[in-house]
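Below: the structure, in structure tokens.
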Amino acid sequence: MSTIAPVKESQTAEILPNVYGVFASGQMTLADVEWEQQRFHERRRWNAVELVEQINLDSLSEADRIYIWNFARAELTTKPGADRLARLSDSESRKWQSEDPNLAKVIQACGTWSRYWNEEEAHHEASLTHLLRRLDFEPVSDDMFLEYRQIFPDDDMLRTLFLLAMSEIKTTVMYTSMANKTSDPGLRTLFRQIATDEAHHMRYFNAFGRGLVDSGKYSPKGAFAIAQFFLREGGEMEGYARGRKEQRGTHVNWWDQLDFRSAERPDDFERQHKLTYVCLEQVTGIRVSTPEEVEDAWLEFVG
Ligand SMILES: [Fe+2]
Ligand SMILES: [Fe+2]
């Protein structure tokens, strides 16, 4: 008799598209899913010290400095987001343990993944805050550091995941756009690398969101409520472009605090809208293609 047990893993590590299904069918255990996450994380790791060293600081334009300054600050808010997700996932997971153990596993797997997310965001934050330290530009003060570390108030799990997916949409689009605008090859590589991470985070949030919806315990309404909150006129999608700074009191929403001054704005709202529809479909299975359709679907859910 063999003492070596077969291990369940995909050929190349991937984000599981059907996380509720793999638990409900008994196909995978939490340990199987954890190994998949570990492999996916390791396959994509990059070295922040090496990438930052490849940037020619003397060649950076004023716009490049403004981009670095904005996103050094923005990335400070990801650690409290990930810390909160770890906490929320554990408490939510326990809530479902007897009623729907497979849902409890989906949420526990999300909490397990939150540490990879946190670690990957650490690369973004540390690269950019370090670059900013070396530039003759406004530094991140300790007061600002502390302010941006404030933790979001708790919310429903699906709404939380979809809000985080929306934040990743914004970062994916903006880093890609900034990579295309900079003329320094080193900074372009760093921005592209971060954009790729952000797109993977978005896909992970969608996968866990879909897991919640597949359980039948979370209505797609939660995802549509957040999409509507972003896409409505004057909504969160516009963020800083609304021309007013929202003071939340409890936490800092990074997209409110952006200030591009003389630099070209890297928004590409059309792309952000399209990605929002993709995320909604991945999470809920419902296809929409305009802000009006999002609003109609949301109104239908709220009756
Ligand atoms: Fe990030
Ligand atoms: Fe991210």
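Each value in this text was obtained by applying a stated rule to the coordinates, not by laboratory testing. Everything numeric here is computed off the predicted structure, so don't read it as measured data. A quick note on method: Cβ atoms are made from the backbone with ideal geometry, for glycine too, and the neighbour counts reach across all protein chains shown.
At a glance:
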read-out	value
Hz values of 3J(HN,Hα) by residue in the stretch 147-152 - Karplus curve (6.51, -1.76, 1.60), Gly and Pro given as x	5, 6, 7, 4, 9, 4
Order of 286, 4 - criterion: other Cβ atoms within 10 Å of each residue's Cβ, fewest first	4, 286
Derived scalar couplings ³J(HN,Hα) [the stretch 78-95; Karplus, 6.51 cos²θ - 1.76 cosθ + 1.60; whole Hz; x for Gly, Pro]	6, 4, x, x, 6, 4, 5, 4, 4, 5, 4, 4, 5, 5, 5, 4, 5, 4
Overall Cα dimensions of the chain - principal axes, largest extent first, Å	63, 57, 34
Global geometry of the stretch 143-194, whether rounded, prolate or oblate, following the gyration tensor of its Cα atoms and the 1.5 cut on a/c	oblate
Helical contribution to [θ] at 222 nm, DSSP H n ≥ 4, -39,500 (n - 2.57), averaged over the chain, rounded to 500	-21500 deg cm²/dmol
Derived scalar couplings ³J(HN,Hα) [the stretch 265-278; Karplus, 6.51 cos²θ - 1.76 cosθ + 1.60; whole Hz; x for Gly, Pro]	5, x, 5, 6, 4, 4, 5, 4, 4, 4, 5, 4, 5, 4
Scattering curve values for the stretch 116-262, log₁₀ I(q)/I(0), Debye with Cα scatterers, q = 0.10, 0.15, 0.16 Å⁻¹	-0.40, -0.92, -1.05
Spatial separation of Cα centroids for the stretch 108-150 and the stretch 226-299, in angstrom	22 Å
Ascending count of other beta-carbon atoms within 10 Å, so fewest first, for 189, 77	189, 77
Exposure proxy ranking, count of Cβ atoms within 10 Å, fewest first, for 221, 170, 8	8, 221, 170
Calculated SAXS-style log₁₀ I(q)/I(0) at q = 0.13, 0.16 Å⁻¹ - the stretch 61-150, Debye, Cα scatterers	-0.53, -0.68
